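S.K.: After the structure tokens below, expect a handful of questions from me.
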């Protein structure tokens, strides 16, 4: 009984750390997948002015299980073919230019004594427009 009383707190600490790390890893994989899905949709959209809103919607749809208020999405144009690009008009971005989608997520831990109260997770994917 004494040995169990000594080992139980250590076992619970290890168990809670494993659970919290597992949830954080799930959140990280979800952020990476949502970023990839948003970038893939962005490179196939015909109207460049719609890219930011389309990317936002796709990332939010693929980020199930995450707290939406802790998620931020940005899409930017990277000039490769044209001299400069932006999303202001249909001619400002051409096929061959790239789209960079960045998703930031702040994961709040269940047990702040182990890893801290919040961990920033981020992913950036860049793909060339078709």
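What follows is calculated from the coordinates using simple rules that are stated; it is not laboratory data. Computed from a predicted structure; not experimentally measured. Cβ coordinates were reconstructed from backbone atoms using ideal geometry, including for glycine residues, and neighbour counts include every protein chain displayed.
S.K.: Assuming 0.36 nm per residue, please report the length gained on full extension of the stretch residue 49 to residue 88 beyond their Cα-Cα distance.
M.R.: Taking residue 49 through residue 88 to full extension adds about 13.5 nm, to one decimal.
S.K.: Based on other C-beta atoms within 10 Å, arrange 73, 67 from fewest to most.
M.R.: Ascending Cβ contact count within 10 Å gives the list 67, 73.
S.K.: Rank the residues 107, 26 as a footprinting-exposure proxy: fewest other Cβ atoms within 10 Å of their Cβ go first.
M.R.: By the 10 Å Cβ count, ascending: 26, 107.
S.K.: Follow-up. By how many nm would the segment from residue 8 to residue 122 lengthen if fully extended, with 0.36 nm per residue of separation less the alpha-carbon distance?
M.R.: This chain segment gains 37.5 nm when fully extended.
S.K.: Let me ask you something else. Between residue 130 and residue 28, what is the FRET efficiency for a Förster distance of 30 Å, r being their Cβ-Cβ separation, to the nearest 0.05?
M.R.: For R0 = 30 Å, the calculated efficiency reads 0.60.
S.K.: Return 14, 119 ranked ascending by Cβ neighbour count within 10 Å, so the fewest neighbours appear first.
M.R.: Neighbour counts put them in this order, fewest first: 14, 119.
S.K.: Then there's this: Rg and Dmax in Å for region 2-128, alpha carbons only: what are they?
M.R.: 19.9, 75
S.K.: Contour minus end-to-end for residue 40 and residue 113, with contour as 0.36 nm per residue of separation and end-to-end as the Cα-Cα distance?
M.R.: Contour length minus the Cα-Cα distance gives 22.5 nm.
S.K.: For region 12-78, state the semi-axes of the equivalent ellipsoid (square roots of 5 times the eigenvalues of the alpha-carbon gyration tensor), sorted largest first and rounded to whole angstrom.
M.R.: Sorted largest first and rounded, they come to 31, 10, 8 Å.
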